[in-house]
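Have a look at the structure below, then the notes.
The values are calculated or read from the model by the stated rules, or taken from the named source; none is laboratory data. What you see is a predicted model; the values in this text were computed from it and never measured. Neighbour counts are summed over all protein chains in view; Cβ atoms, including those assigned to glycine, are modelled from backbone coordinates with ideal geometry. The area values use the complete protein model at the heavy-atom level, side chains included, leaving out ligands, DNA and RNA. Shrake-Rupley method; radii C 1.70, N 1.55, O 1.52, S 1.80 Å.
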Amino acid sequence: MRLPIILDTDPGIDDAAAIAAALFAPELDLQLMTTVAGNVSVEKTTRNALQLLHFWNADVPLAQGASMPLVRPLRDAASVHGESGMEGYEFVEHDRQAMVKPAFQAIRDALMHAPQPVTLVAIGPLTNIALLLTHYPECVFNIQRLVIMGGAAGRGNFTPNAEFNIAIDPEAAAKVFQSGLEIVMCGLDVTNQAMLAPEYLATLPQLNQTGKMLHALFSHYRSGSMNTGLRMHDLCAIAWLVRPELFTLQSCFVAVETQGEYTSGTTVVDIEGRLGHPTNAQVALGIDVEGFQQWVAEVLALAP
Ligand code: BDR
Ligand code: CA
């Protein structure tokens, strides 16, 4: 049986690659997509997500989520993904629309009606997930686990210590890590290593239409370079779902710093258990990079 998942995303160029994998990995059943403000505004992430669903002719409902972090102004990553959030490819016109209800409501409804627990995958700021937990705590019984791309045990990529998705909405992330949900955290400790090599990237335009489109986006993606390799942060969360054996995880207590003058948005990952708190997340600290690259090649070859 395929694993039912709900994907919360802010496309975003590496998000686009993750969405491809979520749609075409035979092990997964993508039941709902939701968008959040992050890499660019939520209007843009929603437009990008709808364009991708249309490109793949995918029958997956999409709900638009939060336009702002819980308490802070939005800071985006247009410098990494381009002004549109998915610079580099001309998508055709279509008339797809987001659902009328907001993301946290759509996730709640999907969970309450699901015949079995569903895995939530969040590859943007955690605003929608925090709103879900605040407004509908009763639906956690049907969440199998939450798998996120976010945070770091080591250095950050947005501030010296903080990773982008957590730094954009630290209050939401803190709420999520305190929720008691089973959490798998794929942070920069693994995602910075999860590179696609230049030799493979060069083959994408010949692979299929998906390869052509991703190659065009990748040419505008600034998390690495086409010549030295590109970081596929968000793809790691999907890879963990279908190839968990590629990752080394450690159960840790993770706190999110919300107060620090220079450190807010930092995930404090207590690897050595120094703080003496019960663990609340499984943190990915190691990845088999070759195995990851092989899996990416396999799954993208299944796309049209
Ligand atoms: C994360 O930040 C975003 O720019 C990427 O899409 C990814 O989710 C990496 O820090
Ligand atoms: Ca993302």
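The lone criterion from (1) in a loop (DSSP other than H, G, I, E, B); (2) touching a Pro at 6+ places or on another chain (Cβ under 9 Å); (3) over 10 Å from Gly65 (Cβ atoms) left unmet by Ala110 is number (1). The one condition from (1) in contact with a Lys or Arg (Cβ under 7 Å, 6 or more places away or on another chain); (2) touching a residue at least 60 places away in the same chain (Cβ under 8 Å); (3) in a loop (DSSP other than H, G, I, E, B) that Val71 does not meet is (1).
Close contacts from the range 113-135, counting a first residue that is touching a residue at least 24 places away in the same chain (Cβ under 8 Å) and over 21 Å from Ile238 (Cα atoms) and a second that is within 16 Å of ligand 2 (Cβ to nearest atom) and open to solvent by 10 Å² or more (accessible area, probe 1.4 Å), with Cβ to Cβ under 8 Å and a gap of 6+ residues or different chains, come to Leu131/Gly65; Leu131/Ala66. If the condition is being in contact with a Leu (Cβ under 9 Å, 6 or more places away or on another chain), within 16 Å of ligand 2 (Cβ to nearest atom) and open to solvent by less than 10 Å² (accessible area, probe 1.4 Å), then the range 135-164 contributes Leu146, Val147, Ile148, Met149, Gly150, Gly151, Ala152, Glu163.
Of all residues in the range 122-145, none are within 14 Å of ligand 1 (Cβ to nearest atom), outside any strand (DSSP E or B) and at pLDDT below 95.
Within the range 12-36, residues that are closer than 22 Å to Glu87 by Cβ and more than 10 Å from ligand 2 (Cβ to nearest atom) reach partners that are open to solvent by 10 Å² or more (accessible area, probe 1.4 Å) and in a strand (DSSP E or B) with beta carbons closer than 7 Å, at six or more positions or on different chains, in the pairs Ala22/Leu30; Leu23/Leu30; Thr35/Gln64. The set of residues in the range 42-56 that are away from ligand 1 (no atom under 14 Å from the Cβ) and either touching a residue at least 40 places away in the same chain (Cβ under 8 Å) or touching a Lys or Arg at 6+ places or on another chain (Cβ under 9 Å) (or both) comprises Thr46, Leu50, Gln51, Leu53, His54, Phe55, Trp56.
The residues on offer are Thr248, Thr263, and the sole one that is hydroxyl-bearing (Ser, Thr, Tyr), away from ligand 1 (no atom under 16 Å from the Cβ), modelled with pLDDT of 95 or more and in contact with a Leu (Cβ under 9 Å, 6 or more places away or on another chain) is Thr248.
For the residues Glu199, Glu171, Glu182, the requirement of being in contact with a helix residue (DSSP H, G or I) (Cβ under 9 Å, 6 or more places away or on another chain) and among the charged types (D, E, K, R) singles out Glu171. Quick one: in the range 1-37, of everything that is of a type in the set (D, E, K, R) and over 10 Å from the mean Cα position of the chain (by Cα), which residue is least open to solvent (accessible area, probe 1.4 Å)? Among residues in the range 1-37 that are of a type in the set (D, E, K, R) and over 10 Å from the mean Cα position of the chain (by Cα), the one least open to solvent (accessible area, probe 1.4 Å) is Asp29.
Among the numbered conditions (1) in contact with a Cys (Cβ under 6 Å, 6 or more places away or on another chain); (2) surrounded by fewer than 17 Cβ atoms within 10 Å (Cβ to Cβ), the only one that Phe91 does not meet is (1). Evaluate the range 247-261: report whether one residue or more is touching a helix residue (DSSP H, G or I) at 6+ places or on another chain (Cβ under 7 Å), within 16 Å of ligand 2 (Cβ to nearest atom), outside any strand (DSSP E or B) and open to solvent by 20 Å² or more (accessible area, probe 1.4 Å). Within the range 247-261, none of the residues are touching a helix residue (DSSP H, G or I) at 6+ places or on another chain (Cβ under 7 Å), within 16 Å of ligand 2 (Cβ to nearest atom), outside any strand (DSSP E or B) and open to solvent by 20 Å² or more (accessible area, probe 1.4 Å). Would you check if there is a residue in the range 206-225 being in a loop (DSSP other than H, G, I, E, B) and in contact with a Pro (Cβ under 8 Å, 6 or more places away or on another chain)? Yes; the residues of the range 206-225 include at least one that is in a loop (DSSP other than H, G, I, E, B) and in contact with a Pro (Cβ under 8 Å, 6 or more places away or on another chain).
Table: residues versus (1) surrounded by fewer than 21 Cβ atoms within 10 Å (Cβ to Cβ); (2) within 15 Å of ligand 2 (Cβ to nearest atom); (3) at pLDDT 95 or above.
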residue: Thr45; (1), (2), (3): no, yes, yes
residue: Phe55; (1), (2), (3): yes, no, yes
residue: Ala58; (1), (2), (3): yes, no, yes
residue: Pro69; (1), (2), (3): no, yes, yes
residue: Arg72; (1), (2), (3): yes, no, yes
residue: His81; (1), (2), (3): no, yes, no
residue: Gln97; (1), (2), (3): yes, no, yes
residue: Pro102; (1), (2), (3): yes, no, yes
residue: Ala106; (1), (2), (3): no, no, yes
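Scoring His233 on the criteria (1) more than 16 Å from ligand 1 (Cβ to nearest atom); (2) touching an Asp or Glu at 6+ places or on another chain (Cβ under 6 Å); (3) not small (Gly, Ala, Ser) leaves a single failure, condition (1).
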